[in-house]
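Reviewing the structure listed below.
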Amino acid sequence: MPTPRPLRATLRLAALITLVAIAPLPLAGTARAQSEAAALVAKPVSLPDMAIGQAKAPIIIVEYSSLTCPHCADFEENVFPMLQSKYIDTGKVRFVSREFPLDIKAAAASMLARCAANGDAPKYFEATTLLFKQQGPLMEHTTETLKAVGDRFGLNEQAVEACVKDQVLLDKLTADQKFAFDELKVDATPTFFINGERLRGAMAFEDLDKKLAALLKR
């Protein structure tokens, strides 16, 4: 699959910066800095946010991930189900998923998830969950895997091909990734913003659980 030119430079830069997760680092700065970061994270982006959970939840988690990132897949498989059960489904957390593709295969997969969902957030999360589970085949047999996943969501071969070649969608994906890199300093996946606080890298549920419980006590 040829690499679309508009995304090539951004993807190369992101891929060169990090191919592995970076250990979580605390966000330095004052409460004001965190508040400003939260405002930036909340700003509208080119693509509509895919979010689940109560809109007025006291905690908002924004995750930037890549569908070819193994640490993101690990979070999806081992952490997210517990996060959803304990915090999202109970109205305590609103979870926003944003794309930060580290390579063209991840970009194509993200575009497919958008097309499969057609604006339906739960369906988007269903699609990304499936794509994370198929990460190995996605890396080794990209075209065939995208077609197979697309078929699960009622997209035939022609629809999948049209989706991953959609220049308008690609341009929006590129613009959002550039905003994340330039303004939010996202340079690794996964990167999380929890009420504006940036946490970079893989996170165990136990650590996340402690942080969320502390925030809810404030």
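Examine the range 202-217 for a residue that is hydrophobic (A, V, I, L, M, F, W, C), at pLDDT 95 or above, under 14 Å from ALA113 (Cβ atoms) and in a helix (DSSP H, G or I), and state whether such a residue exists.
Within the range 202-217, not a single residue is hydrophobic (A, V, I, L, M, F, W, C), at pLDDT 95 or above, under 14 Å from ALA113 (Cβ atoms) and in a helix (DSSP H, G or I).
Take the range 202-211 and flag every residue that is buried (at least 20 other Cβ atoms within 10 Å of the Cβ) and either more than 16 Å from the chain's Cα centre (by Cα) or over 22 Å from ASP103 (Cα atoms) (or both).
Looking only at the range 202-211, we keep the residues that are buried (at least 20 other Cβ atoms within 10 Å of the Cβ), and these are 202-203, 208.
If the condition is that a residue be buried (at least 20 other Cβ atoms within 10 Å of the Cβ) and either more than 16 Å from the chain's Cα centre (by Cα) or over 22 Å from ASP103 (Cα atoms) (or both), then MET203, LEU208 are the ones that fit.
Looking at (1) part of a helix (DSSP H, G or I); (2) at pLDDT 95 or above; (3) closer than 19 Å to PHE193 by Cα, which is the only condition ALA39 fails?
Of the numbered conditions (1) part of a helix (DSSP H, G or I); (2) at pLDDT 95 or above; (3) closer than 19 Å to PHE193 by Cα, the odd one out for ALA39 is (2).
Does any residue of the range 3-11 turn out to be modelled with pLDDT of 50 or more and either in contact with a strand residue (DSSP E or B) (Cβ under 9 Å, 6 or more places away or on another chain) or not in a helix (DSSP H, G or I) (or both)? Give the steps one after another, and end with the answer.
We begin by selecting, within the range 3-11, every residue modelled with pLDDT of 50 or more; these are none.
Taking every residue of the range 3-11 in turn, none turns out to be modelled with pLDDT of 50 or more and either in contact with a strand residue (DSSP E or B) (Cβ under 9 Å, 6 or more places away or on another chain) or not in a helix (DSSP H, G or I) (or both).
Pull up the range 181-201, narrow it to residues that are among the hydrophobic types (A, V, I, L, M, F, W, C) and outside any loop (DSSP other than H, G, I, E, B), then point me to the one that is surrounded by the most Cβ atoms within 10 Å (Cβ to Cβ).
Kept after step one, since they are among the hydrophobic types (A, V, I, L, M, F, W, C), are these residues of the range 181-201: 181, 184, 186, 188, 192-194, 199.
Pick out the ones that are also outside any loop (DSSP other than H, G, I, E, B) and you get 181, 192-194, 199.
Values: PHE181: 17, PHE192: 21, PHE193: 24, ILE194: 22, LEU199: 20.
Ranking the candidates gives PHE193 first.
The values are calculated or read from the model by the stated rules, or taken from the named source; none is laboratory data. Here the structure is a predicted model, which is why all the values come from computation and not from measurement. Cβ sites come from the backbone with ideal geometry, for glycine too, and all protein chains shown count toward neighbours.
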